[in-house]
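Below: the structure, in structure tokens.
The values are calculated or read from the model by the stated rules, or taken from the named source; none is laboratory data. The model shown is predicted, which means the values in this text are computed figures rather than measured ones. Heads up, the Cβs are rebuilt from the backbone with ideal geometry, glycines too, and the neighbour counts pull from every protein chain shown. With ligands, DNA and RNA removed, areas are computed over all heavy atoms of the protein, side chains included. Shrake-Rupley method; radii C 1.70, N 1.55, O 1.52, S 1.80 Å.
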Amino acid sequence: MHYRLLLGLVFCLGFTVTPPTLANSNKLVGTKLAFESYQITAPFKVSLPVLALDIAVSEQFPADELVVIGEDEQNKTWLAVYVFHEKTNSFMLLDKLQVADKYFAYDVSENEQGLYFLAKNEVVTLSYNGDLNEENGKEIGLFLQQKQAVNSIYLLNTASFIAKKDFIQDVNKDGLDDIILPDFEQTNLWLSIANTQEYHYQSLAISTQAELIRGSVNFKPTDLFLADFNVDGLQDIAWISQGHINYFAQISNGKFSSSQQTLSLAENIYGLNWWQLRESDGESPDQSNLTHRVVEQIKDINGDELVDVIVRFTQSSGVLDRANDYEFYLGFINETGQLEFPKVANTVIQAEGTLTGLNIVDVNNDKKFEVLLSSFELTVSNIIGALLSGGIDQNVLLFALQENAYEADARISKEVELSFSLTSGQSGQPIVLLTDVNGDSLQDLILSADEDRLDIFLGQKTERLFNRKASKHKFSLPKNGTLFEHYDINHDDKEDFIMRYGRLDDESMANKVTILMVK
């Protein structure tokens with residue numbers, strides 16, 4: 001049973017590149033960085049990421065409000081909004097409201113200005129009906145404002161929890177929030193109309209993935225990619241089939257063409273993970289002799305304003321002998337003026353062990369993207385050691401792009417640990433983050449060193465990319481690093497940190513939120 005648990009943790013959870021956790025520390029050793037610590041005690045158990053949003057616009061309170069969502073003792077979902085008050089130097093409760101169980105998903109707009117909830121047949125947004133500057137007794141409060149009647153594959157009347165789903169996107173890059181939802185035989189799109197509260201509806205011939213599994217059929221939304229595929233400066237909507245990128249081009253009025261266009265990839269590149277494929281006997285592919293390529297991301301990694309295709313290559317000769325490499329196919333303009341991709345990868349990232357946790361970030365603002373990954377080795381001895389110690393070591397690797405090729409050796413190599421509890425069946429994630437802590441427009445590398453220490457390597461304009469010596473913090477970290485969010489709450493170009501607590505932490509912390517704002 002323990003062996004199965006570990007395999008499930010390693011292969012299903014993998015390694016998540018997550019934000020850091022800070023608490024009980026107000027100074028970084030050897031630097032000028034310092035943090036002001038605040039705490040919120042919510043009237044319910046906090047169950048979702050804390051969000052920093054501009055809910056109640058006010059000159060008196062210029063910082064974003066914090067939206068806290070959780071569950072009370074009667075299993076009712078509540079939402080509370082907290083606002084920072086400079087005179088009292090604390091976060092105060094602005095208002096709270098109960099969220100009906102018909103809402104099963106939430107999403108935040110790309111500019112982090114709006115919070116939306118999804119029900120079976122509607123999308124609503126969180127609104128506030130008062131002015132914080134008014135003191136005339138006017139009634140104020142939060143409410144959910146209906147935005148659009150919708151339909152999709154999500155035929156849920158009620159739900160026991162709320163999940164994060166990507167149904168709000170600025171699909172045509174006009175600065176407005178659009179709604180995009182999968183349906184069984186199409187994709188439904190509601191495009192915002194400027195200067196109105198209305199949407200333009202359009203359906204696209206992108207069907208949901210249907211998977212036959214013995215006596216049932218599973219439906220999964222098709223992964224969509226938003227980018228410019230016909231090099232006209234407009235964002236298009238694409239999806240992957242074997243050996244092809246299929247897309248609907250955006251036209252001049254912000255809508256999308258009804259005619260599908262196609263770009264070729266290598267024939268052995270898929271849009272599905274290997275475990276989603278089925279052989280003639282209905283089973284997943286045999287892992288004793290497996291090779292598979294799947295598109296992970298599509299984005300411009302080398303700064304030439306043409307999108308590139310990032311592919312995960314899996315090669316396995318058994319459950320304990322698996323390697324994941326990352327291949328990069330760089331887009332170019334062919335002799336007919338069209339975007340094209342090579343049939344063989346231009347550059348590949350390889351390392352010992354299994355690579356996972358792909359994070360592509362421009363660390364030093366040179367428009368050439370670095371790649372942050374985790375590497376771990378799964379052997380019988382590692383499994384036994386992990387069962388005894390409750391953790392498994394992972395290497396954090398950062399690869400730099402030089403002349404359209406990623407370096408063979410990682411520019412940065414650090415060690416972190418993934419921990420888990422055999423008694424509770426819960427896993428804790430290490431803290432690995434690239435973000436700008438000190439406001440110098442360079443990414444800083446933040447790692448958990450152990451259960452009570454955080455190391456921060458400040459970014460620098462050198463080949464090393466980061467300071468050799470880390471700033472070290474001593475404080476109690478939540479055992480699951482995914483329970484930490486980072487936002488620039490007060491808009492000073494320095495990332496602030498928000499921490500909540502989960503099942504692996506003390507039960508008394510379930511309704512607590514810790515905020516650390518960079519001074």
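Structure summary
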item: Neighbour-limited loop hits for GluC sites (Glu not before Pro), segment 136-239 (at most 14 other Cβ within 10 Å; DSSP other than H, G, I, E, B); result: Glu139, Glu185, Glu198
item: Lys/Arg +1, Asp/Glu -1 at C-beta; the chain dipole; positive extreme among Ser241, Val437, Ser252; result: Val437
item: In Hz, Karplus ³J(HN,Hα) per residue of segment 437-445 (6.51, -1.76, 1.60; θ = phi - 60°; x = Gly, Pro); result: 7, 9, x, 9, 6, 10, 6, 10, 9
item: Orientation-averaged projected area, Cα convex hull of the chain (nm²); result: 26.4 nm²
item: Cβ-Cβ FRET estimate between Glu185 and Ala405, R0 fixed at 51 Å, reported to 0.05; result: 0.75
item: Entries in Lys299/Lys469; Lys414/Lys479; Lys474/Lys519; Lys343/Lys461 that, when Cα-Cα distance is taken, lie over 27 Å; result: Lys299/Lys469; Lys343/Lys461
item: Pairwise label distance in nanometres, Asn75 with Ile153, each label 7 Å out on the Cα-Cβ vector; result: 2.7 nm
item: For segment 411-519: rounded, prolate or oblate by the Cα gyration tensor [a/c cutoff 1.5]; result: oblate
item: Inter-label distance, nm, simple model (7 Å from Cα along the C-beta direction), Glu279/Arg468; result: 5.3 nm
item: Solvent-accessible ranking of Asp236, Asp223, largest area first, probe 1.4 Å; result: Asp223, Asp236
item: Arg464 - accessible surface, heavy atoms, 1.4 Å probe, Å² rounded to 10; result: 80 Å²
item: Which of Glu305, Glu377 is most accessible, then next, and so on - probe 1.4 Å; result: Glu305, Glu377
item: Shape call, segment 259-339: gyration tensor on alpha carbons, a/c limit 1.5; result: prolate
item: Per residue accessible area of the chain, 1.4 Å probe, in Å²; result: 47 Å²
item: Test item: Cα-centred dipole of the chain, Lys/Arg +1 and Asp/Glu -1 on Cβ, debye; result: 1200 debye
item: Surface accessible to a 1.4 Å probe, Met92 within the full protein complex, Å²; result: 70 Å²
item: Carbon + sulfur, % of accessible area of the chain - ligands and nucleic acids excluded, 1.4 Å; result: 46 percent
item: Candidate residues Lys367, Lys147, Lys479: accessible-area rank, largest first, probe 1.4 Å; result: Lys367, Lys479, Lys147
item: Coil-residue GluC sites (Glu not before Pro) of segment 413-519, DSSP, other Cβ within 10 Å capped at 14; result: Glu451, Glu463
item: Over the chain: helical MRE at 222 nm, DSSP H runs n ≥ 4 each giving -39500 (n - 2.57), nearest 500; result: -1000 deg cm²/dmol
item: Lysines with Cα under 16 Å of Lys120, excluding same-chain neighbours fewer than 8 positions away; result: Lys102, Lys147, Lys164, Lys165
item: Rounded to the nearest 10 Å², the accessible area of His491 at probe 1.4 Å; result: 110 Å²
item: R0 of 51 Å, Cβ-Cβ distance Glu507-Phe332: FRET efficiency to nearest 0.05; result: 0.35
item: Cβ charges +1 (Lys, Arg) and -1 (Asp, Glu), total dipole of segment 391-519, debye; result: 280 debye
item: Relative contact order, percent, the chain [alpha-carbon distance under 8 Å, six or more residues apart]; result: 15 percent
